Amino acid sequence: MELSELIREGSFSPSPAAVEVLLGSDAEAREALFARARRARAETTGDKIFLYGFVYFSTWCRNDCNFCYYRRDNDIARYRKGPDEVVDAAERLVASGVNLVDLTMGEDPEYLREGHRTATAIIREIKERTGSPVMVSSGVVPARTIREFAEAGAEFFALYQETHNRELFARLRAGQDYNGRMESKLAAKAAGMFIEEGVLTGVGETPSDLCDSLIEMGRVGAAQMRAMSFVPQSGSPMEGRAESDRVTELVFIALMRVLYPHALIPASLDVDGLSGLAPRIMAGANVVTSIVPPRLGLRGVAQADLDIDEGARTVAGVSEALKTLGLRPATTAEYRERLAEISRLIP
């Protein structure tokens with residue numbers, strides 16, 4: 001039986017051989033997979049898509065990841081936003097209609113020091129002023145700090161392994177501890193937070209690696225699962241590597257949706273901007289991430305400036321794009337209901 005028929009009948013399960021076919025020339029099998037992923041999403045969240053605001057409040061980082069523009073040794077202009085600026089950006093995002101505020105920084109020790117500008121203090125103030133769900137993406141931090149994030153009210157802790165192949169991890173995240181990164185995620189889960197895990201596609205992973213990552217994301221109990229395509233970054237050791245063709249990212253989104261129908265799976269605006277939203281949604285994503293308020297001097301990650309100050313990466317812009325797909329932004333009450341359901345599904 002053809003792979004496309006197996007997918008349509010629901011008797012398909014990912015294997016390295018099947019993933020290789022999906023990444024190859026079998027467009028019919030891919031379309032069958034995307035259709036099945038959309039059905040799985042409709043069965044769990046209907047026509048609702050969740051929207052996340054993004055505040056990248058420090059572009060300083062102690063790490064030297066080979067794929068990252070903001071790596072420690074890259075000679076670039078950087079910023080640290082003050083607490084008032086971060087809270088103001090968060091308030092603007094919540095007022096515009098996002099369901100969650102994603103507070104992201106490089107691994108910047110400055111925000112972990114005792115004092116008024118700590119990440120914990122910022123989380124607490126945003127919760128007090130807006131009541132919005134909050135995700136913190138701080139990189140690897142001590143377990144004590146993770147508990148403080150939870151006590152301040154953050155619902156999510158995001159920390160991406162990028163790959164679950166240890167050799168590839170060492171090439172991507174030079175000088176970092178694979179086990180330590182995993183342990184930080186598990187510490188957040190133990191503190192009562194949801195966790196987000198993620199992979200970077202187009203960096204030399206194999207179909208077998210992708211299957212391993214699918215399994216590992218379930219094993220760690222990730223409530224949110226992300227895939228993002230590699231974009232070469234100026235000044236990084238991987239600057240000369242070819243940009244990913246996006247097929248792997250889309251297939252991986254669909255596979256995550258089929259295997260984990262309950263999961264929150266983002267379509268990130270940070271790779272292709274608003275023009276790249278539809279393919280990711282059509283592959284089964286149910287979250288739009290990296291909505292950024294314009295003209296506040298905030299940056300993206302994969303694409304530092306793309307669509308930000310033009311105002312395209314806003315709730316208004318995303319809502320219009322979703323409407324053309326027969327979908328709608330969720331309310332924050334609906335998002336909280338989804339989190340409550342996920343908490344029952346993931347012990």
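Where a number appears in this text, it was derived from the coordinates with a stated rule and is not lab data. Just so we're clear, the structure is a prediction, and the values are computed from it rather than from any experiment. We place every Cβ from the backbone using ideal geometry, glycine too, and count neighbours over all the protein chains shown.
When +1 charges are put on Lys and Arg Cβ atoms and -1 charges on Asp and Glu Cβ atoms, the dipole computed for the stretch 116-208 relative to its Cα centre reaches about 200 debye. Placing unit charges on each Cβ (+1 for Lys and Arg, -1 for Asp and Glu) gives the stretch 101-232 a dipole about its Cα centre, and among Tyr160, Thr120, Met105 the Cα reaching farthest toward its positive end belongs to Thr120. Comparing Cα centroids, the stretch 277-347 and the stretch 62-116 end up 19 angstrom apart. When Ser213, Ser13, Ser58, Ser25 are arranged by Cβ crowding within 10 Å, least crowded first, meaning fewest neighbours, the order is Ser25, Ser13, Ser58, Ser213.
Packing, as the average of other Cβ atoms within 10 Å across residues, places the peptides 184-190, 14-20, 278-284 in the order 278-284, 184-190, 14-20, highest first. For the chain, the cysteines with no partner cysteine C-beta closer than 4.7 Å are Cys61, Cys211. Panel order for Leu23, Leu277, by other beta carbons found within 10 Å of each beta carbon, from fewest to most: Leu23, Leu277.
For the stretch 44-151, the antiparallel share of DSSP beta bridges with both residues in that region comes to about 10%. Annotation: amide H-H contacts under 5 Å for Thr201 (H modelled 1.01 Å from N, sequence separation of 5 or more, or interchain): Met228, Ser229, Phe230. Overall shape of the stretch 27-126 was characterised from the C-alpha gyration tensor. The equivalent ellipsoid obtained from it has semi-axes of 34, 22, 11 Å, in decreasing order. Between the residues Val19, Ser4, Tyr79, the greatest Cα displacement towards the positive end of the dipole of the stretch 1-139, with unit charges on the Cβ of Lys, Arg, Asp and Glu, is found for Tyr79. Taking every DSSP bridge with both residues inside the chain, close to 5 percent are antiparallel.
Relative to the dominant Cα principal axis of the chain, helix 332-345 is inclined by about 70°. Taking amide H positions as modeled 1.01 Å from N, with prolines and chain starts lacking one, the residues under 5 Å from Val287 and 5 or more places away or on another chain are Phe50, Ile265, Ala267. Computed about its Cα centre, the charge dipole of the stretch 65-153 is approximately 100 debye, with only Lys, Arg, Asp and Glu carrying charge at their Cβ. In order along the stretch 132-144, phi translates into HN-Hα couplings of 6, x, 10, 10, 10, 10, 10, x, 6, 9, x, 4, 4 Hz, rounded to whole numbers, per the Karplus curve 6.51 cos²θ - 1.76 cosθ + 1.60 with θ = phi - 60° and x for Gly and Pro. With the convex hull of the Cα atoms taken as the outline of the stretch 241-280, the averaged projected area works out to 3.2 nm².
Label zone (Val220, point 7 Å along Cα-to-C-beta; backbone nitrogen cut-off 16 Å) within the stretch 172-196: 172-174, 176-196.
Taking the chain, how many lysine pairs are there with alpha carbons less than 22 Å apart, if each pair must be eight or more places apart or span two chains? Lysine pair count for the chain: 4.
Overall, the chain carries a charge dipole of about 720 debye about its Cα centre when +1 sits on the Cβ of Lys and Arg and -1 on the Cβ of Asp and Glu, all other atoms neutral.
Does anyone have the angle between helix 207-219 and the longest principal axis of the chain? Alpha-carbon axes, 0 to 90°, nearest 10? Relative to the chain, helix 207-219 is tipped by roughly 60 degrees. The HN-Hα couplings worked out from phi for the stretch 6-16 by the Karplus form 6.51 cos²θ - 1.76 cosθ + 1.60 (θ = phi - 60°) are 4, 5, 5, 7, x, 9, 8, 9, x, 9, x Hz, whole numbers, x standing for Gly and Pro. Dipole of the chain (Lys/Arg Cβ +1, Asp/Glu Cβ -1, origin at the Cα centre): which of Gly180, Phe57, Ile342 lies farthest to the positive side? In the chain, that residue is Ile342.
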